[in-house]
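Novice: Below is the structure I would like to discuss, written out as structure tokens.
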Amino acid sequence: MLLGIISDTHGLLRPEVAPALKGVDRILHLGDVGKASILDELAKIAPVTAIRGNVDHDGPCARLPKTEVALIENPPHAALYLYMLHDLKTLHLDPTAAKFAAVLHGHTHVPNFYTKKGVLYFNPGSCGPRRFDLPVTIGLLDIIHDRIEPRIVALL
């Protein structure tokens, strides 16, 4: 299974995003959507699960949940649970104790990933308006058996 992970679109869905997400089975948007129409466009590519970020305070995006648990069915292996939140600093649970395979977050616009106590922490960066000299990126998570292989994809 291949997951497309995006964050911080801030109302801009760049034309490079759709080709970069081609072939994904599901898209997870980690907040700061900016415009509900972005979720509609992403849904033309694959099913979308989205949460709200700190700029999503008006309109339909304000009704998105602050956090979400994405269940990834993985037969014949055990299902994987991915915890979604916008700002990692607001994480108020122990992902290891909760048995999450990954914590997916955005907010900083800085793409990165690392593993801590067996849990993947993944920030796809931002694919919206460029901020400072940070790259414009999305993330991909390839679920292979019971492993998650993370990738950051530069769009520009």
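Novice: Read through the list (1) part of a strand (DSSP E or B); (2) open to solvent by 50 Å² or more (accessible area, probe 1.4 Å), then give the number of the only condition that Val55 fails.
Specialist: That leaves (1) as the condition not met.
Novice: Here are Thr96, Thr115, Thr108, Thr137: which of them is over 19 Å from Ile5 (Cα atoms) and hydroxyl-bearing (Ser, Thr, Tyr)?
Specialist: Step by step, each of Thr96, Thr115, Thr108, Thr137 is checked, and only Thr96 is over 19 Å from Ile5 (Cα atoms) and hydroxyl-bearing (Ser, Thr, Tyr).
Novice: Related question: Out of all the residues in region 63-79, is one or more within 18 Å of Asn123 (Cβ to Cβ), touching a Cys at 6+ places or on another chain (Cβ under 6 Å) and either in a loop (DSSP other than H, G, I, E, B) or at pLDDT below 95 (or both)?
Specialist: No, there is no match, as no residue in region 63-79 is within 18 Å of Asn123 (Cβ to Cβ), touching a Cys at 6+ places or on another chain (Cβ under 6 Å) and either in a loop (DSSP other than H, G, I, E, B) or at pLDDT below 95 (or both).
Novice: Give me the pairs: first residue in region 41-54 and under 20 Å from Pro19 (Cβ atoms), second residue open to solvent by less than 60 Å² (accessible area, probe 1.4 Å) and charged (D, E, K, R), beta-carbon distance under 8 Å, and six or more apart or on different chains, which are they?
Specialist: Listed by first residue and then by second, the contacts come to Ala46/Arg26; Pro47/Arg26; Val48/Arg26.
Novice: Please verify whether Arg151 is closer than 22 Å to Val17 by Cα, open to solvent by 50 Å² or more (accessible area, probe 1.4 Å) and either in a strand (DSSP E or B) or modelled with pLDDT of 95 or more (or both), treating the condition exactly as stated.
Specialist: Yes: the conditions hold for Arg151.
Novice: Then there is this: For the subset of region 14-50 comprising residues that are under 21 Å from Asp142 (Cα atoms), β-branched (Val, Ile, Thr) and in a loop (DSSP other than H, G, I, E, B), which member is nearest to the chain's Cα centre (by Cα)?
Specialist: Val24
Novice: While we're here: Please verify whether Leu156 is hydrophobic (A, V, I, L, M, F, W, C), closer than 18 Å to Ile5 by Cα and open to solvent by 80 Å² or more (accessible area, probe 1.4 Å), treating the condition exactly as stated.
Specialist: Taking the combined requirement at face value, the residue satisfies it.
Novice: Determine whether region 105-115 contains at least one residue that is open to solvent by less than 20 Å² (accessible area, probe 1.4 Å) and outside any loop (DSSP other than H, G, I, E, B).
Specialist: Scanning region 105-115, I find no residue that is open to solvent by less than 20 Å² (accessible area, probe 1.4 Å) and outside any loop (DSSP other than H, G, I, E, B), so the answer is no.
Novice: I'm checking my understanding of the structure. Among residues of region 1-12 that are under 13 Å from Ile138 (Cα atoms) and in contact with a Ser or Thr (Cβ under 8 Å, 6 or more places away or on another chain), which one is surrounded by the most Cβ atoms within 10 Å (Cβ to Cβ)?
Specialist: Ser7
The values are calculated or read from the model by the stated rules, or taken from the named source; none is laboratory data. Predicted model, so just to flag it, every value in this text is computed and none were measured. Ideal geometry is used to build each Cβ from the backbone, glycine not excepted, and the neighbour counts take in all protein chains shown. These area figures cover heavy atoms from the full protein model, side chains too; ligands, DNA and RNA do not enter into them. Shrake-Rupley method; radii C 1.70, N 1.55, O 1.52, S 1.80 Å.
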